[in-house]
Amino acid sequence: MKDRSGDGTGPSPSRRGQGKLEAHVLSVLKGAPEPVPVAWVQERLGGDLAYTTVITILTRLHGKGAVERERAGRSFVWTAVADEAGLAALRMRKVLDAEADRQAVLASFVTALSENDERLLRELLAAEPESPDLSAPPSSPEEDR
């Protein structure tokens, strides 16, 4: 891979990380008045990204459940179904789903939170009515111990 920084120290300063680019694409798509084609998204991103790059990012977001697509002729139109916070939550959920010991991961996560974040999490949990999460895998009695 070619170094584009000019001084040999690393990648181009204008290069964005995948997470930031996904968040930017999602933000643009969230502002769409209706399902839109890739070209609409690309135009609002400033035009410095290749069409194929925008398609790749949208496809990744679709795989994560953050956007939906529907056929429109030979291509697709795209709709955001999550915002940036939702995208971060999807990433966190993916990490949690990949681990065998959910309880240990959650316990480790909670103990690493700042006092303010822990308080906020407790407030959020207390405010949520208990309703089953239909997207979550069913828990076994052993997981609840």
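The values are calculated or read from the model by the stated rules, or taken from the named source; none is laboratory data. Only a predicted model underlies this, so the values are computations on that prediction, with no experimental measurement involved. Cβ placement follows ideal geometry from the backbone for every residue including glycine, while neighbour counts extend to all protein chains displayed. SASA here: full protein model, heavy atoms, side chains in, ligands and nucleic acids out. Shrake-Rupley method; radii C 1.70, N 1.55, O 1.52, S 1.80 Å.
Out of the range 75-88, which residues are closer than 15 Å to H24 by Cα and either open to solvent by less than 40 Å² (accessible area, probe 1.4 Å) or part of a helix (DSSP H, G or I) (or both)?
W78, A80, A82, E84, A85, G86, L87, A88
Any residue in the range 101-126 that's in a helix (DSSP H, G or I): show its pairings with residues that are at pLDDT below 90 and open to solvent by 100 Å² or more (accessible area, probe 1.4 Å) at Cβ separation under 8 Å, as long as the two are six or more apart or on different chains.
Listed pairs, sorted by first residue: R102/E143; Q103/E143.
For the range 44-74: of the residues being open to solvent by 90 Å² or more (accessible area, probe 1.4 Å) and closer than 18 Å to K20 by Cβ, which is modelled with the lowest pLDDT?
The residue in question is D48.
Which numbered condition in (1) farther than 29 Å from V105 by Cβ; (2) among the charged types (D, E, K, R); (3) at pLDDT 85 or above is the only one that D3 fails?
(3)
State the number of residues belonging to the range 21-36 that are surrounded by fewer than 20 Cβ atoms within 10 Å (Cβ to Cβ) and either closer than 8 Å to A80 by Cβ or acidic (D, E) (or both).
3
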